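K.L.:
Starting off with a structure, shown below.
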Amino acid sequence: MEQLIDQIKTHLAEVEAFQSSDPGEIERFRIKFLAKKGILTGLFAAFKDVPSDLKKTFGQQLNALKVAATNKLEESKKASVSKVKESTFSIDFTRPGQLIELGALHPISILRNQVIDIFSQIGFSLSAGQEIEDDWHNFTALNLPKHHPARDMQDTFFVQTNPDILLRTHTSSVQVRHMEANHPPIRTLSPGRVFRNEDISARSHCVFHQVEGLYIDKNVSFADLKQTLLYFTKSMFGKSKIRFRPSYFPFTEPSAEVDIYWGLETEADYRITKRTGWLEIMGCGMVDPQVLTNCNINSDEYSGYAFGMGLERMAMILYGIEDIRMFYENDIRFLQQFSSMG
Ligand code: DAH
């Protein structure tokens, strides 16, 4: 019995000490003391077992606890409401809004996304490869064996300790990886960053971006390549006159360079087309059967085409950018000019 009375006293002390305007804490207080399964209910249930001579004292104490808890709950609720009111009225409606600085896509990303959109509409998937490559994927599998003179055109960054490991010089390495890992039909687009050990100038940089395309299936012909690239140049530049100039790449046979007819209407047209009206935009060709064999694809059964283009060059032409270094300097004044385009 003594024990019960002590309990009530402890509870009473707790109730009196309780102080909060936090709605969560107040609710926890209510549940603890006043809810159906709360402390008071429990104590009232114990009341019937209290010997009758003690019932009076016990009852008084119990009532005192109930009144204290109920009052405390009401008080705390009021405090919490007035606190909310206070904070509502402390908002200063005249204060100027805070400017949120919006980021913007980099011009190279904008262009890359456009190219991806155009090719994804005709069923090209995306593939990535890796920037640190081995000799096989960047060169040998693409018909560029060791000491092949065409390797010199692509001044390579090697990882010093291992001449077999290098920074990829073109996204054509992704073709090899994709063919090794997938069976035809293959229709894939591989945008990516490439590296060449070149002097940095307004026209060239040691880091730039390419987009590679690869299509392998039965009976793919040069006509398919031409139509696909015509579709691309129409969608991308709004130009529908293109020409294919014979060229050489070790991994395609025949190979071609694609020019679009840009026109000679403005002074800028004369400058960017070197007074010819034609603009070179990419390399392409029919995938050399040896490359298919190197990637475990039966070249008697399958054929295909590939193409590769440089994004910086395209961006410079489209946006009238004179210096390739602008792309990597992260000058906010330069980047902000593209903020409405992404
Ligand atoms: N890899 C070449 C380069 O970096 C570009 C290229 C040319 C890619 C012809 C191709 C292609 O897929 O068929 O200069």
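The values are calculated or read from the model by the stated rules, or taken from the named source; none is laboratory data. Just so it is clear, the structure is predicted and the values come from calculations on it, not from any experiment. A quick note on method: Cβ atoms are made from the backbone with ideal geometry, for glycine too, and the neighbour counts reach across all protein chains shown. Quick note on the areas: whole protein, heavy atoms, side chains included, nothing else; ligands and nucleic acids left out. Shrake-Rupley method; radii C 1.70, N 1.55, O 1.52, S 1.80 Å.
K.L.:
Counting trypsin sites (Lys or Arg not before Pro) as exposed when in a DSSP loop with at most 11 other beta carbons within 10 Å, what is the longest stretch of the chain free of them? It would help to have the intermediate numbers written out before the result.
P.N.:
Values: sites that count: K36, K37, K48, K146, K218, K274, R275.
My reading of the result: 49-145 is the longest stretch.
K.L.:
Shifting gears a bit: Ignoring ligands, DNA and RNA, how do M326, M179 rank by accessible area with a 1.4 Å probe, largest first?
P.N.:
Numbers: M326 65, M179 5 Å².
Result, largest first: M326, M179.
K.L.:
Okay, helix-only estimate at 222 nm for the chain: each DSSP H run of n ≥ 4 adds -39500 (n - 2.57), divide by all residues, round to 500 deg cm²/dmol; what do you get?
P.N.:
-13000 deg cm²/dmol
K.L.:
May I ask which residue of P184, I122, I200 lies farthest towards the positive end of the charge dipole of the chain, with charges of +1 (Lys, Arg) and -1 (Asp, Glu) on Cβ and the Cα centre as origin?
P.N.:
Farthest towards the positive end: I122.
K.L.:
Still on this structure, I have one more. Can you tell me the FRET efficiency between N113 and A268 if r is taken as the Cβ-Cβ distance and R0 is 25 Å, rounded to the nearest 0.05?
P.N.:
Details: r = 25 Å, r/R0 = 0.99.
Efficiency, rounded to the nearest 0.05: 0.50.
K.L.:
For a quick check of understanding: with a 1.4 angstrom probe and all protein chains in place, what accessible area in square angstrom does I5 have, to the nearest ten?
P.N.:
So the heavy atoms of I5 present about 30 Å² to solvent.
K.L.:
Out of residues 5 or more away from S255 or on other chains, whose amide H comes under 5 Å of its own, with H placed 1.01 Å from N in the peptide plane?
P.N.:
S247, F249
K.L.:
Continuing with the same structure: Rg to Rh ratio, the range 164-217, alpha-carbon atoms and Kirkwood radius?
P.N.:
Answer for the range 164-217: 1.09.
K.L.:
For the pairs K9/K56; K9/K66; K32/K77; K9/K77; K36/K56; K32/K56, note any where the Cα-Cα span goes beyond 19 Å. Don't skip to the answer; put the middle values down first.
P.N.:
Numbers: K9/K56 16 Å; K9/K66 12 Å; K32/K77 15 Å; K9/K77 24 Å; K36/K56 24 Å; K32/K56 25 Å.
Over 19 Å Cα-Cα: K9/K77; K36/K56; K32/K56.
K.L.:
Could you tell me the extents of the range 2-88's C-alpha atoms along the three principal axes, largest first, rounded to whole Å?
P.N.:
If we take the Cα atoms of the range 2-88, the spans are 54, 20, 16 Å.
K.L.:
Report the Cα-based extents of the chain along its three principal axes, largest first, to the nearest Å.
P.N.:
115, 54, 42
K.L.:
Only loop residues by DSSP count here, and only those with at most 11 other Cβ atoms within 10 Å; note down the GluC sites (Glu not before Pro) in the range 257-342 that meet that.
P.N.:
Details: sites: E257, E265, E267, E280, E301, E312, E322, E329; in loops: E265, E301, E322.
Within the range 257-342, the qualifying GluC sites (Glu not before Pro) (loop, at most 11 other Cβ atoms within 10 Å) are E265, E301, E322.
K.L.:
Where in the chain are the DSSP H helices whose alpha-carbon span along the long axis reaches 18 Å or more and whose Kyte-Doolittle mean is at least -0.5?
P.N.:
Details: long enough: 2-17 (23 Å, -0.28); 52-89 (56 Å, -0.66); 107-120 (20 Å, 0.76); 222-237 (22 Å, 0.33).
Span-like helices, by this rule, are 2-17, 107-120, 222-237.
K.L.:
What's the percent breakdown of Cα-Cα distances in the range 273-342 across 5 Å bins, shortest bin first?
P.N.:
In whole percents, the pair-distance histogram is 3, 12, 16, 15, 10, 11, 10, 10, 9, 4, 1.
K.L.:
Continuing with this model, one more query. Can you give the local net charge around S120? Use residues other than it whose beta-carbon is closer than 14 angstrom to its beta-carbon, Lys and Arg +1, Asp and Glu -1.
P.N.:
On the way: positive: R112, R187; negative: D117.
Around S120, the surrounding residues sum to +1.
K.L.:
Could you tell me the relative contact order of the chain? Use alpha-carbon pairs under 8 Å, at least six residues apart, and round to a whole percent.
P.N.:
Details: 507 pairs, mean separation 52.9, N = 342.
Once divided by the residue count of the chain, the mean separation gives 15 percent.
K.L.:
Let me ask something additional. Can you give me the Kirkwood hydrodynamic radius for the range 201-342, using every pair of distinct Cα atoms, in Å to one decimal? Numbers along the way, then the final one.
P.N.:
Details: mean 1/r = 0.0592 Å⁻¹.
The answer is 16.9 Å.
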